[in-house]
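The values are calculated or read from the model by the stated rules, or taken from the named source; none is laboratory data. What you are looking at is a predicted structure, and each value in this text was computed from that prediction instead of being measured. Glycine also receives a Cβ, built like all others from the backbone with ideal geometry; neighbour counts cover every protein chain displayed.
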Amino acid sequence: MNILFDINHPAHVHMFRYVIQRLKSKGHNVFVTTKDIPAANQLMDIYGIKYTILGSKHDSLFRKKLDQIEFDIRLWRFVIKHHIQIGIHGMTVAHVSKFSRMKSIITDDDDDEVEPLFAKFAHPFADVVLSPIGTSRKTKNVQFVPSYHELAYLHPNLFEPNYEVLNEIGVEKGERFFVLRFNAFKAHHDVGVVGMNLENKRRLVNTLTQYGKVFITTERDIDKEFEPYKLKISPEKVHSLLYFATMFVGDSQTMTSEAAVLGTPAIRCNTFVGKIHYLEDEEHNYGLTYGFQPNNIEQMFSKIEELLSMPNLKEEWQKRRMKLLDDKIDYAEFLTNFIENYPTKK
C-alpha cells in the first residue's frame with residue numbers, strides 16, 4: 001500500500017517512527033509530509049525519515065485558518081500524485097480524504113472539550129478516530145484503544161534507556177537531578193491556557209537545586225536567567241534522560257505522560273489540569289503523576305517536598321509503572337496492524 005503520515009509536532013515523530021519502520025519492512029511505500037517545524041524536522045533527520053515540507057505554521061488564529069486551506073490544497077496534490085491509499089494523523093489528512101480516494105485515520109488523545117476546534121473541524125471528516133479508552137468523544141467514528149500515544153515509542157518492547165546520556169550532562173549514576181519543561185502554548189487549543197509564571201518558575205528552580213542538578217527544556221527561547229540550566233543534548237536522547245531523572249516538573253502534557261510511562265514522578269502545572277483523560281488516568285489509577293492548577297501552586301510545592309522525602313522514590317514509581325504496563329498495550333504494534341488491515345477505497 002501507499003501510506004502517508006502527516007507530522008504536525010515533534011511528538012508525532014517519536015510516535016510514528018517505529019510504525020513507519022515496521023510498515024516499510026513489510027514492503028509498504030511510506031510517505032511523510034510535515035510543516036516547517038524545526039524541532040520535528042530535526043528529529044526526522046536524526047532518525048533518517050525522508051519528508052516533504054508543505055509550508056509554514058503561524059501562531060495567530062486568523063493565519064492558522066489561511067494556513068489550513070493551503071495545507072489542504074498542497075496535501076491533496078501530494079495524495080493524488082503518489083496515489084496514497086491511507087493517511088494518518090490530523091486535520092489536513094481528514095479533509096483531503098473527503099476529496100480523494102485516500103482513507104484517513106486520526107490519532108487523537110485530547111478530549112473534545114480541550115480541543116473543540118479540532119473536534120469540530122477534523123473528527124467528522126476522518127474515517128476513524130483512534131483514542132485512548134476513556135477519552136471524551138462525541139463523534140461516532142471513534143475506536144478506543146487500551147494504550148497511550150507515548151507507548152508507541154516508550155513501551156519496553158521499543159525503548160531501552162541509554163546510560164551514556166548521564167555522561168553528557170555531567171551526572172553520576174544514582175545522582176539526583178530534575179528535568180523541567182516550560183511550554184509556549186501557541187497551538188489552536190491553547191488559547192487562554194496558562195502554566196507557571198516567571199516567579200513560580202524561579203521558585204521551582206531554587207527549590208529543586210537544593211536537592212540536585214536542574215535541566216530545563218523549552219519550546220521557544222528560554223528566559224535569560226534560566227540559560228545556565230538549559231538542556232544541551234540532542235533531542236532524541238531526552239527520553240533516556242527522563243527515565244533516569246529523579247522527577248519531571250513542567251506544564252507539558254506530553255512530557256508529563258512520557259515521564260509517567262517511564263516510571264519517573266511527574267508534576268504538571270497548567271490550566272489543562274483535570275480536563276485531559278489520559279493524564280487523569282495516569283494520576284488517579286496509577287499514581288504516576290500529579291496535576292495542579294496555577295492557583296494551587298502551594299499544593300504543588302508541598303507535593304514536590306513530600307515526594308522528595310520518600311525513601312526509594314524511583315523504585316516505588318517503577319512498581320507503579322509495571323502496573324500500568326500490565327493494563328496497556330504496545331501502541332506501535334497495534335497501529336501497524338490497524339493500518340495494514342484497514343480497508344482502502346476501491
Practice task
Looking at (1) of a type outside the set (Val, Ile, Thr); (2) under 23 Å from Phe16 (Cα atoms); (3) surrounded by 18 or more Cβ atoms within 10 Å (Cβ to Cβ), find the lone condition where Asp67 falls short.
Solution key: (2)
Handout entry: Members of the stretch 1-12 found to be of a type in the set (A, V, I, L, M, F, W, C) and within 15 Å of the chain's Cα centre (by Cα), listed by number
Key = Ile7, Ala11
Practice task
Name, by its number, the condition in (1) at pLDDT 95 or above; (2) more than 25 Å from Cys269 (Cβ to Cβ) that does not hold for Pro311.
Solution key: (1)
Exercise for the section: Could you tell me whether Ile88 is within 30 Å of Thr218 (Cα to Cα), in contact (Cβ under 8 Å) with a residue 40 or more places away in the chain, in a helix (DSSP H, G or I) and assigned by TED's automatic domain parsing to the domain that holds Glu150? Expected result: no
Completion exercise
Taking the stretch 285-328 and keeping residues under 23 Å from Glu175 (Cα atoms) and among the small types (Gly, Ala, Ser) leaves Ser302, Ser309
Fill in the blank from the handout: Scanning the stretch 91-117 residue by residue, those charged (D, E, K, R) and either within 21 Å of Tyr342 (Cα to Cα) or touching a residue at least 60 places away in the same chain (Cβ under 8 Å) (or both) turn out to be Lys98, Arg101, Lys103, Asp108, Asp109, Asp110, Asp111, Glu113, Glu115
Fill in the blank from the handout: If you go through Ile329, Ile297, Ile339, the only one that is in contact with a helix residue (DSSP H, G or I) (Cβ under 8 Å, 6 or more places away or on another chain) and over 29 Å from Ala126 (Cα atoms) is Ile297
Practice task
Could you please find all residues in the stretch 13-29 being of a type in the set (Lys, Arg) and either under 19 Å from His82 (Cα atoms) or over 17 Å from the mean Cα position of the chain (by Cα) (or both)?
Solution key: Arg22, Lys24, Lys26
Completion exercise
Within the stretch 281-297, the residues that are out of contact with any strand residue (DSSP E or B) (no Cβ under 9 Å at 6 or more places or on another chain) and modelled with pLDDT of 95 or more are His284, Asn285, Tyr286, Gly287
Problem - Check on Asp326, under 21 Å from the mean Cα position of the chain (by Cα) and among the charged types (D, E, K, R) - result: no
Completion exercise
From the option list Glu168, Glu113, Glu199, Glu150, single residue qualifying as closer than 27 Å to Asp6 by Cβ and not in a loop (DSSP other than H, G, I, E, B) is Glu150
Handout entry: Selection count, the stretch 95-106, where residues are assigned to a helix (DSSP H, G or I) and touching a Gly at 6+ places or on another chain (Cβ under 8 Å)
Key = 2
Exercise for the section: Would you confirm whether any residue within the stretch 133-142 is touching a strand residue (DSSP E or B) at 6+ places or on another chain (Cβ under 6 Å) and under 18 Å from Leu324 (Cβ atoms)? Expected result: yes
Exercise for the section: Answer yes if at least one residue in the stretch 240-247 is at pLDDT below 95 and in contact with an Asp or Glu (Cβ under 9 Å, 6 or more places away or on another chain), and no otherwise. Expected result: no
Fill in the blank from the handout: Filtering the stretch 30-54 for residues that are at pLDDT below 95 and of a type in the set (Gly, Ala, Ser) leaves a count of 2
Fill in the blank from the handout: Going through the stretch 124-154 in order, the residues found to be over 19 Å from the mean Cα position of the chain (by Cα) and surrounded by 23 or more Cβ atoms within 10 Å (Cβ to Cβ) are Ala126
